[in-house]
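Below is one structure; the comments refer to it alone.
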Amino acid sequence: MASLMWLRSFVFGPHLQRIHRSPDQSRPDGRAARRGWNYQPKSLEKHTDSIIGWASALWSLSYYSSPLLLCYLYRKGYICSSKFVPVSQYVGTVLVCLLGVACLRGFGRWKNTEYVQFFSILEENKKNHTSENRKKLRCYDFDFSHWPADFSWKEVSNPKLSQAGVSLLKPEPKLRGAADGVLHSVRTLPCHIIGYLVAHSFGRRMLYPGSVGLLHKAMKPMLQQGQARLIEEFDGQRNKLVACDGNEIDTMFVDRRMDGGQTGKTLVISCEGNAGFYEVGCMNTPLEGGYSVLGWNHPGFGGSTGVPFPQNEANAMDAVIQFAVHKLGFELNDIIVYAWSIGGFTATWAAMSYPEIQALVLDASFDDLLPLALKVMPDSWRPLVQHTVRHYMNLNNAEQLCKYQGPVLLIRRTKDEIITTTGQEDIMSNRGNDLLLKLLQFRYPKVMVDEGVRVVRQWLGASNHIEEASVYSGYEVDDDWCVSVLQSYQAGGDAAYPWSVGEDMTVEGRRQLALFLARKYMRNFESTHCTPLPAADFHSPWRL
């Protein structure tokens, strides 16, 4: 009986992909294990696992094509009561066969010493959750759904999930009379229903293609290689975090505090793009710069569960920051939040909700999702797109960014083809421009009046460093004078934004100060949207 129970555990056990290093630091053949090796299943396990993998891929294809498939079957007359029983019998036979294949795979695992050793460590870790057992378990790469939780938001006595941040994720209610409110609700009900269906079907998958299972399967070898590099070369630690909504968040932490130097004592939390994973994403930029780095995958990406809607994204980011503070031992003022592209939403949410963080770096990010969504959808869909984005996918980066008082650095890609509203490499339609302008207009409203905005737009139109320097020198900007003006204002009153500096300044003075601030808050990177940012271009933002 014990053997049957043990065998059943192997049947439904996790898929083992790689052994990063043996728990006793040696391979079964006795050689030193300086590098990991891919798990080699025996013939029976290999073939049965292949069959189950093909069945899973076919199920994914049928799931995504189910609307068209159901229409085709209906037109052919297969969806009717007379044919329901034969079809159900056929489906039942297939399921029984797959169960038999799974049993054979379990038997193959039972006969593999490497898998038996791994499974014993996994079971021991579930019974006795000690640091030593966890260290042994980290030597293996397996299905993350079987990984024990390392941290839960419930462990924090006073979770700081920002109420202000949560409320911003929902549209503000408009006050109406009772009769008008009922009439408006009835009139907009079809739009609500269609918007919900769009957001929860192709809309979410268009916005976050990394959450599509087929794409993840295609990228799996590359992700496994990237994860092996982080663990084996950088001694990375993989952890599972449980957010307040129950989603499990897949994270990777590389600790550089023992290497010496100030950069290693600073933690960079990286937020990936809409098809990015920490295994191969922007986490590598601060890692090459010598920082301690904490990367994480969006809900529905990699080993993370759930779907990447704004509220789930905020909940995941909250769990990541709580983990960094309460488990990894970093102070909030030791943390830099770094984001690429759509990751700017969770980064600005974190900066708004945790204003004590050291700094915020946004690379190739935008101010608002709506203009970009309108760009790719037909004009006739405009009301539906506006409703859907504002109610279900409201990535309002600029609004959240303006609630943060700390240092900010915006990196703009001069050849960006993704966050432009013209669909080309048009630098003036780059939504990073709007992100900068909204930030400066909030922080320095007296400087960013008409003449200030005009010269900053002229500076933003420069497509290379030579043109940028030409605009800057054309207005004879005196950096020392600008710094002295800002320092005098800071020393003389409240340092909280917005500032009233520039109120009694000449037109020439406001122009100089506007250009000076624009160059301090934004740096250009001559590249397209998806080019990895070199470590030399990643640095802490300017401080007065």
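The values are calculated or read from the model by the stated rules, or taken from the named source; none is laboratory data. From a predicted model like this one, the values you see are computed outputs, not experimental measurements. Backbone-built Cβ (ideal geometry, glycine too); neighbour counts: all protein chains shown.
Taken together, the criteria place A364 among residues that are in contact with a His (Cβ under 7 Å, 6 or more places away or on another chain), in the same structural domain as S292 (by TED's automatic domain parsing) and not charged (D, E, K, R). The residue pairs whose first member lies in region 407-435 and is modelled with pLDDT of 95 or more and assigned to a loop (DSSP other than H, G, I, E, B), whose second member is of a type in the set (K, R) and surrounded by fewer than 18 Cβ atoms within 10 Å (Cβ to Cβ), and whose beta carbons are closer than 9 Å, counting only pairs six or more residues apart or on different chains, are P407/R543.
Does Q400 meet the test of being modelled with pLDDT of 95 or more, surrounded by fewer than 17 Cβ atoms within 10 Å (Cβ to Cβ) and touching a Phe, Trp or Tyr at 6+ places or on another chain (Cβ under 9 Å)? Walk me through how you get there before you give the answer.
Values: modelled with pLDDT of 95 or more: yes; surrounded by fewer than 17 Cβ atoms within 10 Å (Cβ to Cβ): no; touching a Phe, Trp or Tyr at 6+ places or on another chain (Cβ under 9 Å): yes.
Considered against the rule, which asks whether it is modelled with pLDDT of 95 or more, surrounded by fewer than 17 Cβ atoms within 10 Å (Cβ to Cβ) and touching a Phe, Trp or Tyr at 6+ places or on another chain (Cβ under 9 Å), Q400 comes out as no.
Each residue in region 279-302 was checked for being outside any helix (DSSP H, G or I) and crowded, with 21+ Cβ neighbours inside 10 Å, and 16 pass. Among the numbered conditions (1) at pLDDT 85 or above; (2) out of contact with any Gly (no Cβ under 8 Å at 6 or more places or on another chain), the only one that Y78 does not meet is (1). Within region 130-141, identify whether any single residue is aromatic (F, W, Y), more than 17 Å from G302 (Cβ to Cβ) and either surrounded by 13 or more Cβ atoms within 10 Å (Cβ to Cβ) or modelled with pLDDT of 90 or more (or both), and answer yes or no. Checked against the condition, which is being aromatic (F, W, Y), more than 17 Å from G302 (Cβ to Cβ) and either surrounded by 13 or more Cβ atoms within 10 Å (Cβ to Cβ) or modelled with pLDDT of 90 or more (or both), region 130-141 yields no hits at all.
Checking region 279-289 against the condition returns a match, with at least one residue being more than 30 Å from T388 (Cα to Cα), modelled with pLDDT of 95 or more and within 11 Å of the chain's Cα centre (by Cα).
Every residue, every condition in (1) in contact with a strand residue (DSSP E or B) (Cβ under 7 Å, 6 or more places away or on another chain); (2) in the same structural domain as T531 (by TED's automatic domain parsing); (3) of a type in the set (S, T, Y), yes or no:
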residue: V242; (1), (2), (3): yes, no, no
residue: D245; (1), (2), (3): no, no, no
residue: F253; (1), (2), (3): yes, no, no
residue: A275; (1), (2), (3): no, no, no
residue: S292; (1), (2), (3): yes, no, yes
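Quick one: is D416 touching a Phe, Trp or Tyr at 6+ places or on another chain (Cβ under 7 Å), buried (at least 17 other Cβ atoms within 10 Å of the Cβ) and among the acidic types (D, E)?
Values: touching a Phe, Trp or Tyr at 6+ places or on another chain (Cβ under 7 Å): no; buried (at least 17 other Cβ atoms within 10 Å of the Cβ): yes; among the acidic types (D, E): yes.
No: the conditions fail for D416.
Scanning region 454-478 for residues that are over 32 Å from the mean Cα position of the chain (by Cα) and either at pLDDT 95 or above or outside any helix (DSSP H, G or I) (or both) yields R454, V455, Q458, Y475, E476, V477, D478. Filtering region 502-523 to residues that are outside any loop (DSSP other than H, G, I, E, B) and buried (at least 21 other Cβ atoms within 10 Å of the Cβ) leaves R510, R511, Q512, L513, A514, L515, F516, L517, A518, M522.
Could you grab me the full set of residues in region 255-278 that are in contact with a Pro (Cβ under 7 Å, 6 or more places away or on another chain) and assigned to a strand (DSSP E or B)? Hits for region 255-278 are V268, S270.
In this structure, A218 does not satisfy being touching a Gly at 6+ places or on another chain (Cβ under 8 Å), assigned to a helix (DSSP H, G or I) and surrounded by fewer than 24 Cβ atoms within 10 Å (Cβ to Cβ).
In this structure, is V456 in contact with a Leu (Cβ under 8 Å, 6 or more places away or on another chain) and surrounded by 14 or more Cβ atoms within 10 Å (Cβ to Cβ)?
Details: in contact with a Leu (Cβ under 8 Å, 6 or more places away or on another chain): yes; surrounded by 14 or more Cβ atoms within 10 Å (Cβ to Cβ): yes.
Answer is yes for this residue.
Taken together, R412, R443, R431 contain a single residue that is on the phi < 0 side of the Ramachandran plot, charged (D, E, K, R) and touching a strand residue (DSSP E or B) at 6+ places or on another chain (Cβ under 6 Å), which is R412.
Counting only residues that are assigned to a loop (DSSP other than H, G, I, E, B) and either without any contact (Cβ under 8 Å) to a residue 12 or more places away in the chain or of a type in the set (K, R) (or both), how many does region 122-154 have? Lay out the reasoning, then the answer.
Going residue by residue through region 122-154, those that are assigned to a loop (DSSP other than H, G, I, E, B) are 128-130, 138-139, 143, 147-150.
Okay, now just the ones that are also either without any contact (Cβ under 8 Å) to a residue 12 or more places away in the chain or of a type in the set (K, R) (or both), so 128, 130, 138.
Of the residues in that region, 3 qualify.
Within region 343-355, can one find any residue that is in the same structural domain as N247 (by TED's automatic domain parsing), β-branched (V, I, T) and surrounded by 24 or more Cβ atoms within 10 Å (Cβ to Cβ)?
Yes, because at least one residue in region 343-355 is in the same structural domain as N247 (by TED's automatic domain parsing), β-branched (V, I, T) and surrounded by 24 or more Cβ atoms within 10 Å (Cβ to Cβ).
Go through the residues of region 348-358 one by one and say whether even a single one is more than 30 Å from F525 (Cα to Cα), part of a helix (DSSP H, G or I) and either of a type in the set (V, I, T) or in contact with a helix residue (DSSP H, G or I) (Cβ under 9 Å, 6 or more places away or on another chain) (or both). Talk me through it step by step, then tell me what you get.
To start, the set of residues in region 348-358 that are more than 30 Å from F525 (Cα to Cα) comprises none.
No, region 348-358 contains no residue that is more than 30 Å from F525 (Cα to Cα), part of a helix (DSSP H, G or I) and either of a type in the set (V, I, T) or in contact with a helix residue (DSSP H, G or I) (Cβ under 9 Å, 6 or more places away or on another chain) (or both).
A count restricted to region 396-429 and to residues that are basic (K, R) and more than 22 Å from the chain's Cα centre (by Cα) stands at 1.
Considering region 1-21, the residues that are modelled with pLDDT of 65 or more and small (G, A, S) include one that is nearest to I231 (Cα to Cα), namely G13.
Among the residues of region 240-276, those identified as crowded, with 22+ Cβ neighbours inside 10 Å and over 19 Å from F538 (Cβ atoms) are L241, A243, I249, D250, T251.
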